[in-house]
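Worksheet: the structure to be examined is printed underneath.
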Amino acid sequence: QFDPQQWNNRNTIVHLFEWKWDDIANECENFLAPKGFAGVQVSPVNENVIVYDRPWWERYQPLSYKLVTRSGNEKQFADMVRRCNNVGVRIYVDVIFNHMAADNSHAVGTAGSRAVPETKDFPAVPFSSWDFHPSCDIYNYNDPNQVRNCELVGLKDLDQGKEYVREKIVEFLDHLVELGVAGFRVDAAKHMWPADLDVIYKRIKNLNTQHGFAPNSRPFIVQEVIDLGGEGISKYEYSDLGAITEFRFSAEIGKAFRGNNDLKYLRNWGEEWGFLESHKALVFVDNHDNQRSHGGGGNDILTYKQDKNYKMATAFTLAHPFSITRIMSSFAFEHSDQGPPQDSQGNLLSPVIYSDNSCGGGWVCEHRWRQIYNMVGFKNQVRGTGVNDWWDNGKNQIAFCRGGEGFIAFNLENYDLNKEFQTCLPAGTYCDVISGDKNGSNCSGKTVVVGNGGKANIYIGAKEYDGVLAIHKGSRL
Ligand code: ARE
Ligand code: CA
């Protein structure tokens, strides 16, 4: 369950938050596969309660396990999975089985199901009050019993200790496996008992070989456990069961690239920072919660709104060998409850794709920013190598090589970086994939001339649009 089941020349996941299935299928074929993305985390696929004004978070309130949401129906979902798998892009589903919807006396769902969450009556599954923990609030995160047996923000709390509840959950997960998904992001894992999760995970079917998975492959599992330290529940209680969302990474990378912790300290980036082991940590600069101040990380988190720093933090994340990486792809928002781009009937709108690769229509598409997708290519190119020839100026300028495959430099100072470096690359002219794209023998950005012996002069002006420069074997002109 630690293996993300990706094609072996690719390794980054993008979270296409609130995208429609048809649009994701197109994106896999037209953009993600050609740019070397390995997978997509999709928004919840099962029926959710319809909330007035349609905030994004209604999808975290399940009414049933029918695969009908604003992103599309089951047929569209199945088509998407097939089309993405065909071009080597895996699908990971955000699954919610800690709870069902919160208090409401007549809930209506996206598949037309009705429920009475107030009395814990969900006939479309069916679940009744018998399947839930008694109602109580979570207010003390130091009390593991409360965190796991009470209601997270009022959401009706399923009892995964019950055989019937386990069966319904496994049935749902198996259905998705049959449709060809590669794994799951388990929402609110911290709010469930590790022993119950262990039973559930072990019962899930092997991945579907008709979608190109090797026989006996297990679904990848990444558990949402927010552990910034100092609470009653630790990520280590879950880290033998599957990978974990490493929120500490998000907080620390934000602090560093906001200029609140010198970049020179990133020299020993990894487990020494209190992160989980590399193969157990799923890392990200921001996620759909903490980019809008839900979930953990506080004011340290960088988002698309601090674009220069954000791109630098993302470049570092993708340049460094540590962990399994996930890129956030957002819709633009002003306030934290705001829903995704939608029409007056509440139908989701498709992103508008421009010829320069960027997108609009209310969508940000960080994954389509050149500085980000080209670093996905960088990461693929340097796979299997470590960090070597680390250099820093004692503060906020750093540089390093990835074996003999790639070189990257960062300048977060308010003065220029202009210096000769060992790039570890063969002599030649290289295209900086941050300031431009390589197109045949042309480069639309800066070029770097590497001499015999691997040395090159690197310049990153303090006022430049981006504070990073990256070259690799695949960007040689
Ligand atoms: C919404 C309304 C609430 C209302 C509720 C019920 O906002 O006001 O009470 O509905 O009517 C998302 C949104 C919530 C939303 C919910 C349901 O973020 O605002 O509630 O959907 O629609 C904790 C959990 C962690 C959780 C975060 C948000 O541990 O699991 O809170 N993250 C996941 C998802 C969310 C989702 C849910 C869970 C629920 O990623 O998107 O909620 O399915 C410390 C602790 C953390 C804690 C954090 C915040 O850092 O260590 O554990 O995270 O504080 O409390
Ligand atoms: Ca629970």
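The values are calculated or read from the model by the stated rules, or taken from the named source; none is laboratory data. What you see is a predicted model; the values in this text were computed from it and never measured. Reconstructed Cβ throughout: ideal geometry from the backbone, glycine too, with neighbour counts over all protein chains shown. Keep in mind that these areas ignore ligands, DNA and RNA; they rest on the heavy atoms of the full protein, side chains included. Shrake-Rupley method; radii C 1.70, N 1.55, O 1.52, S 1.80 Å.
Just the residues that are part of a loop (DSSP other than H, G, I, E, B) and within 16 Å of ligand 2 (Cβ to nearest atom), please, taken from the range 58-72. I'd like the intermediate steps shown before the answer.
Initially, the range 58-72 is screened for residues part of a loop (DSSP other than H, G, I, E, B), giving 61, 63-68, 70-71.
Across the range 58-72, the qualifying residue is only GLN61.
Look through PRO215, PRO219 and report the one residue that is free of Cβ contacts under 8 Å to residues at least 12 places away in the same chain and more than 16 Å from ligand 2 (Cβ to nearest atom).
Of the residues listed, the single one that is free of Cβ contacts under 8 Å to residues at least 12 places away in the same chain and more than 16 Å from ligand 2 (Cβ to nearest atom) is PRO215.
Results for (1) outside any strand (DSSP E or B); (2) on the phi < 0 side of the Ramachandran plot; (3) open to solvent by 10 Å² or more (accessible area, probe 1.4 Å), shown as yes or no for each residue.
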position	(1), (2), (3)
GLN76	yes, yes, yes
VAL81	yes, yes, no
VAL93	no, yes, no
VAL125	yes, yes, yes
ASP157	no, yes, no
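Check the range 263-274 and report whether any residue there is touching a residue at least 24 places away in the same chain (Cβ under 8 Å), within 16 Å of ligand 1 (Cβ to nearest atom) and within 27 Å of HIS367 (Cβ to Cβ).
No; the residues of the range 263-274 include none that is touching a residue at least 24 places away in the same chain (Cβ under 8 Å), within 16 Å of ligand 1 (Cβ to nearest atom) and within 27 Å of HIS367 (Cβ to Cβ).
Tell me yes or no: at least one residue of the range 12-28 is within 23 Å of ASP437 (Cα to Cα) and surrounded by fewer than 20 Cβ atoms within 10 Å (Cβ to Cβ).
Checked against the condition, which is being within 23 Å of ASP437 (Cα to Cα) and surrounded by fewer than 20 Cβ atoms within 10 Å (Cβ to Cβ), the range 12-28 yields at least one hit.
Give the residues of the range 95-114 that are open to solvent by 10 Å² or more (accessible area, probe 1.4 Å), part of a loop (DSSP other than H, G, I, E, B) and not polar (S, T, N, Q), sorted by residue number.
Within the range 95-114, ASP103, HIS106, ALA111, GLY112 qualify.
Look at the range 134-147 and say how many of its residues are within 12 Å of ligand 2 (Cβ to nearest atom), over 19 Å from HIS294 (Cα atoms) and open to solvent by less than 60 Å² (accessible area, probe 1.4 Å).
Residues meeting the conditions: 3.
Filter the range 31-57 down to residues that are assigned to a helix (DSSP H, G or I) and in contact (Cβ under 8 Å) with a residue 40 or more places away in the chain, then give me how many there are. Spell out the reasoning first.
Going through the range 31-57, the residues assigned to a helix (DSSP H, G or I) turn out to be 31-35, 56-57.
In the following step, the residues that additionally are in contact (Cβ under 8 Å) with a residue 40 or more places away in the chain were identified as 31-33, 35, 56-57.
Of the residues in the range 31-57, 6 are assigned to a helix (DSSP H, G or I) and in contact (Cβ under 8 Å) with a residue 40 or more places away in the chain.
Mind checking which strands (runs of 3 or more DSSP E) fall wholly inside the range 167-260 and carry at least 1 residues that are touching a helix residue (DSSP H, G or I) at 6+ places or on another chain (Cβ under 6 Å) and surrounded by 20 or more Cβ atoms within 10 Å (Cβ to Cβ)?
Ranges flagged: 220-223, 243-245.
Return the residues of the range 337-356 that are open to solvent by less than 40 Å² (accessible area, probe 1.4 Å) and part of a loop (DSSP other than H, G, I, E, B); say none if nothing qualifies. Explain how you work it out, then say what you get.
Initial filter on the range 337-356 (open to solvent by less than 40 Å² (accessible area, probe 1.4 Å)): 339-341, 346, 348, 351.
GLY339, PRO340, PRO341, GLY346, PRO351 - these are the residues of the range 337-356 that are open to solvent by less than 40 Å² (accessible area, probe 1.4 Å) and part of a loop (DSSP other than H, G, I, E, B).
If only one of ASN418, ASN380 is open to solvent by 10 Å² or more (accessible area, probe 1.4 Å) and more than 26 Å from the chain's Cα centre (by Cα), which one is it?
Every option except ASN418 fails the conditions.
Specify the residue that is farthest from TRP57 (Cα to Cα); the eligible residues are those in the range 123-133 that are more than 10 Å from ligand 2 (Cβ to nearest atom) and without any contact (Cβ under 8 Å) to a residue 60 or more places away in the chain.
TRP130
Answer yes if at least one residue in the range 56-66 is at positive phi and surrounded by fewer than 24 Cβ atoms within 10 Å (Cβ to Cβ), and no otherwise.
Within the range 56-66, not a single residue is at positive phi and surrounded by fewer than 24 Cβ atoms within 10 Å (Cβ to Cβ).
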